[in-house]
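All remarks here apply to the structure that follows.
Computed from the coordinates by the stated procedures, all read-outs in this text should not be read as laboratory data. As the structure is a computational prediction, the values presented were derived from the model and not from experiment. Backbone-built Cβ (ideal geometry, glycine too); neighbour counts: all protein chains shown.
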Amino acid sequence: AAFAQAQAPATPPPGQVNKEDVKTWTATVGDKEWSIRPAALTMEGDTGLFRIPSAYTLGKGQAAFGYFFDNIDRDPRGLDFAIHGLVAAYGITDKLEVFGSLGAQARTKSNYRDEAGYFNDLPFGGDEGQWQTGFGDVRLGLKMKLADDYQGAAVGAAIRGFVKLPTADEAKDLGTGG
């Protein structure tokens with residue numbers, strides 16, 4: 001009779017690692033281990049990535065802060081809009097997050113001001129050929145997690161809303177103004 005003998009895991013060639021030896025950040029929810037990610041913020045300030053909000057919220061008492069830069073080049077009018085901003089979020093509860101963004105420096109110019117059409121966020125689009133610089137708008141919001149796939153739901157879902165405080169200089173076409 002032949003006996004099966006357990007084999008030791010193969011040693012990987014130099015410069016390679018076994019998949020089982022690679023560890024990521026994990027959290028155990030119930031009896032299941034999940035891979036987790038750091039809290040990244042969107043340019044509006046809620047959890048997500050770049051311009052895409054996620055269905056997840058920060059845990060109660062957790063905070064996240066960030067910096068962003070955005071550059072928008074649009075036709076018509078050859079509009080160039082750039083903004084440096086700060087973002088922050090705070091978990092009020094495990095399902096409710098407060099967030100905000102601050103346009104610390106906004107710059108805009110229009111290369112062809114008399115051209116037809118406009119960019120929705122900046123309908124008048126800057127002085128032709130000259131940069132206008134100043135403070136941008138402020139956004140404050142709330143996001144509530146409705147369903148969490150980490151807790152057994154089929155999908156993750158959240159609802160969010162925000163208000164834009166018109167703090168930018170409308171005369172310089174840096175935002176909606178006050």
Computed label-point distance, nm, for sites Ala63 and Val155 using a 7 Å Cα→Cβ extension:
3.4
Taking 0.36 nm per residue of separation between Gln130 and Glu20 and subtracting their Cα-Cα distance, the length gained on full extension comes to 33.9 nm
Kirkwood hydrodynamic radius, computed over distinct alpha-carbon pairs, for the range 19-60: how many Å, to one decimal?
12.0
Computed label-point distance, nm, for sites Ile36 and Leu96 using a 7 Å Cα→Cβ extension
2.2
What are the semi-axes of the equivalent ellipsoid for the range 73-120, taken as the square roots of 5 times the Cα gyration tensor eigenvalues, largest first, in whole Å?
35, 12, 6
Spin-label proximity, Met144 to the range 94-114 - amide N less than 15 Å from point 7 Å beyond Cα toward beta carbon:
94-99
